[in-house]
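Novice: Encoded as C-alpha cells, here's the structure I'll be asking about.
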Amino acid sequence: MTAAPALHTAPLDLAVSDLHESAASWTAVPLPERIALLERMLPRIADGAPGMVADAARAKGYDADSGWAAEDWVAAPWALAQTVGAYLHVLRRLAAGHDPVPARSVRTREGRTVVGVFPATATDRLLLNGFTAEVWTLPGTTREQLMARAAGEYRGRPGEPAVALVLGAGNVAAITPLDILPKLYAEGQVVLAKMNPVNAYLRPHFEKVFTEFVERGWVRFVDGGAAEGAYLTTHEKVDTIHVTGSERTHDAIVWGTGAQAEERRRADTPANDKPFTSELGGVSPCIVTPGPWSAADLRFQAEHIVTSKLNNSGHNCVASQILLVPRHWDGTERLLAEIRHVLRELPQRNDYYPGAADRLDSVTGAHPEAEAYDDTCRLLVPDITDADDPMLTDEVFASALGVVHLPGDDAPQFLRAATEFANNKLPGTLGATLLVHPRTERAHRAAVDEAVAALRYGTLGVNCWSAFGFLLGYTPWGAHPGHTRQDIGSGIGFVHNAFMLEDVEKTVLRAPFAPAPRGLLTGSPSLSPRPPYFVTNRTGRTTMERLTAYATDPRASRLPGIFASALRG
C-alpha cells in the first residue's frame, strides 16, 4: 500500500497566523473604506471575467465560445458582480444615514413579516422586469424587530475580530467568493478560503479579485484536499467555519470519523464545537400545477425544467431532481413529451464532476427503463412509484431527472399532495420550484398561497428555478431553518443576504410564467424575454457577457446591446 503523502502544514499555519494578526484591523475599517474596497473590486472582476470563464469551460470539457459557456458567465463573473453591487447598494444606504431596509418594503403576508428585497433599484426593474423576491421572517418576528436587527455590523453590533474558515465548493465558481463576502461584510470576520480540488484552477482569479484584501491580510486562499481541510477545521486560530458541500463533510468535521462518531452525535458531544454554518443540498423538487397551459407554455416550461436539471450538468445543490406532476391532468404527458424533445435537441456534453458516472450507473441500475438521451448521461426516469426509490432518497448530483405522478382532481388537491410529498418524502430543504399558470393562481389564490407558505424550503421559486436566488445577492441563501448539528439536513444559516437580515425563514422568488410579449396572453405581463440562463437560449452567452460588463460598469450606453442580444435569445 502506498503511504499517504505527508501533510505540509507550514503554509496553512502561516496563512492562518497572518489572518489572525490582521483580524482586528479589518474590524476597524470604517464604512466608507469598506465601500471603496468593493467599488475597486468591480473593475478587477471585469478584467478577469473572460479568463475565468475560459478556464471554467475548459475544465468542464467545452470551448469558451460554446453556448454552454453562458452558464459560466452567469455563475462566475456575473453572479459575483451582481452580489458586490447588492452589497454596495445597501452599504451606500447606510453611509447616507438611511436604514438598510426601506420601510416601504416591509409588510405582512400570511401572518408573517416579509420584506421585498428585489427589485432594489431602477436597473433591476429594467433588466429583470417581472422578477421579484420577498424574504419571509420566522413566525413572531415583528416589523420593528426586522428593521432594528438588520445590518447589525454597522448599527452598533459589530462582530468581534475572528478568523473564518470557508471550505470552498467544487461545482459552481461563484460559491467560494460569495461565501467570503458575508463573512467579511456581514459578520466582520477575516477569511481563509480553502479551494476545492475540483476547481482549484480558479484560485488565481479569486486572488486577483480580492487583491486588496489579500495584500492587507484580510483574505487568504489555500489549496488542498480533505486532509488539509480537516487540519484547518481544528486549528486553534480558526474561530468559525462555513462549508458548502455534503452532509458527510459536515458530520466528519463536527462528529469526527470512526466508531465513536455516532456515539458523539447521539450524546451531542461534538469533536469540533466551533460556530458552524453550512449549505449542503438535498433532493430538490419542481412542482407542476395543472392549469390551462397552451402548447407554447408547455414548450417554454419544458425548457425551464430542463435548464433546472442540466445547468452545470446537474452538478448543483438545487438542481431539479424530482418533477412532481398531476396524475390526471391532460397536460402531463404533453409536458413530458416536450421535455424529451428538449433533451434530444441539446448539444452533447458530459457530466464532469467526480463520481457522476457511478451515480448515474446507480440510477440506471435501479431503473433499467430510464430513458437516455444523446450522450447517455442525460437520464429521464418517467414514473417513480417506490417510496424508497434512491432517486427520492439520495441526491444524484448529475444529469438525471425523475418524475412522480401525484393524485389530485384539481389544482388545490394536487398542491396539497405535492406540498406534503415535498416536505415529508424528499430529503433536504434548500430549494424548490413551483410552476403555476397565472389564471390558475387567480382562480385558486388560497390554495397557491397555502402551498407557498407551507413548503419548507430556504428558497422557493414560483415560476422561477429556485437557483436564481443564489445569484441575486440581495436574497439570503441557505436551508429552511430547523436543522440541528445532530440532524444537519441541508445545513444551518444563510449567506449572500446583502440587506444583512436576521430571523430569516425563506425567500420567495417570482418570475413571469411566459416571456414577453406572450406574457400578455397568460396574465404575466413583463418586458423580459426568454431568460439568458436557459440552456436553450441562442444568445445566452453574449447576453450574459454584456450583462457582466454592465454589472461591473453600469453605463447606459451598454443597455442597447444587452437588449438586442436578449431579444434574439
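The values are calculated or read from the model by the stated rules, or taken from the named source; none is laboratory data. Everything numeric here is computed off the predicted structure, so don't read it as measured data. A quick note on method: Cβ atoms are made from the backbone with ideal geometry, for glycine too, and the neighbour counts reach across all protein chains shown.
Novice: Within the stretch 232-290, can you find the residues that are aromatic (Phe, Trp, Tyr) and in the same structural domain as SER399 (by TED's automatic domain parsing)?
Specialist: If the condition is that a residue be aromatic (Phe, Trp, Tyr) and in the same structural domain as SER399 (by TED's automatic domain parsing), then no residue fits.
Novice: Kindly indicate whether any position in the stretch 354-361 is surrounded by 16 or more Cβ atoms within 10 Å (Cβ to Cβ) and in contact (Cβ under 8 Å) with a residue 60 or more places away in the chain.
Specialist: No.
Novice: Within the stretch 234-247, track down each residue that is under 23 Å from ALA174 (Cβ atoms) and either surrounded by fewer than 21 Cβ atoms within 10 Å (Cβ to Cβ) or of a type in the set (Ser, Thr, Tyr) (or both). Give the steps one after another, and end with the answer.
Specialist: Our first condition is that a residue be under 23 Å from ALA174 (Cβ atoms); within the stretch 234-247, this holds for 240-247.
Once the filter is applied, which keeps residues that are under 23 Å from ALA174 (Cβ atoms) and either surrounded by fewer than 21 Cβ atoms within 10 Å (Cβ to Cβ) or of a type in the set (Ser, Thr, Tyr) (or both), the stretch 234-247 yields THR240, THR244, SER246, GLU247.
Novice: Hey, can you tell me all the residues within the stretch 523-569 that are of a type in the set (D, E, K, R), surrounded by fewer than 20 Cβ atoms within 10 Å (Cβ to Cβ) and free of Cβ contacts under 8 Å to residues at least 24 places away in the same chain?
Specialist: ARG555, ARG558
Novice: Now for a different question. So which residues in the stretch 474-493 are among the hydrophobic types (A, V, I, L, M, F, W, C) and surrounded by fewer than 24 Cβ atoms within 10 Å (Cβ to Cβ)?
Specialist: Within the stretch 474-493, ILE488, ILE492 meet the criteria.
Novice: So, one more: If you go through the stretch 174-195 one residue at a time, do you hit one that is assigned to a helix (DSSP H, G or I), surrounded by 24 or more Cβ atoms within 10 Å (Cβ to Cβ) and in contact with a Gly (Cβ under 6 Å, 6 or more places away or on another chain)?
Specialist: Checking the stretch 174-195: at least one residue is assigned to a helix (DSSP H, G or I), surrounded by 24 or more Cβ atoms within 10 Å (Cβ to Cβ) and in contact with a Gly (Cβ under 6 Å, 6 or more places away or on another chain).
Novice: So, in the stretch 138-172, exactly how many residues are closer than 13 Å to LEU94 by Cα, of a type in the set (Gly, Ala, Ser) and in contact (Cβ under 8 Å) with a residue 12 or more places away in the chain?
Specialist: Residues in the stretch 138-172 being closer than 13 Å to LEU94 by Cα, of a type in the set (Gly, Ala, Ser) and in contact (Cβ under 8 Å) with a residue 12 or more places away in the chain: 3 in total.
Novice: List, please: which pairs have Cβ atoms under 9 Å, are six or more places apart or on different chains, and start with a residue in the stretch 437-451 that is under 11 Å from ASN463 (Cβ atoms) and surrounded by fewer than 20 Cβ atoms within 10 Å (Cβ to Cβ) and end with one that is of a type in the set (Gly, Ala, Ser) and modelled with pLDDT of 95 or more?
Specialist: Between residues of the stretch 437-451 that are under 11 Å from ASN463 (Cβ atoms) and surrounded by fewer than 20 Cβ atoms within 10 Å (Cβ to Cβ) and residues that are of a type in the set (Gly, Ala, Ser) and modelled with pLDDT of 95 or more, the close pairs are PRO438/GLY291; PRO438/ALA514.
Rundown of residues vs (1) in the same structural domain as ILE180 (by TED's automatic domain parsing); (2) surrounded by fewer than 24 Cβ atoms within 10 Å (Cβ to Cβ); (3) more than 19 Å from SER313 (Cβ to Cβ), yes/no style:
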{"residue": "ALA70", "(1), (2), (3)": "yes, no, no"}
{"residue": "ALA75", "(1), (2), (3)": "yes, no, no"}
{"residue": "ALA81", "(1), (2), (3)": "yes, no, yes"}
{"residue": "HIS89", "(1), (2), (3)": "yes, yes, yes"}
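Novice: Name the residue, out of LEU42, LEU7, that is out of contact with any Cys (no Cβ under 9 Å at 6 or more places or on another chain), assigned by TED's automatic domain parsing to the domain that holds GLU187 and in contact (Cβ under 8 Å) with a residue 12 or more places away in the chain.
Specialist: LEU42
Novice: Further question on the same structure: In the stretch 543-558, what residues are more than 22 Å from ASP65 (Cα to Cα) and outside any loop (DSSP other than H, G, I, E, B)?
Specialist: Going residue by residue through the stretch 543-558, those that are more than 22 Å from ASP65 (Cα to Cα) are 553-557.
Result: ALA556, SER557.
Novice: Working only within the stretch 110-120, note down all residues that are surrounded by 14 or more Cβ atoms within 10 Å (Cβ to Cβ) and farther than 24 Å from GLN189 by Cβ.
Specialist: Answer for the stretch 110-120, where residues must be surrounded by 14 or more Cβ atoms within 10 Å (Cβ to Cβ) and farther than 24 Å from GLN189 by Cβ: ARG112, THR113, VAL114, VAL115, GLY116, PHE118, PRO119, ALA120.
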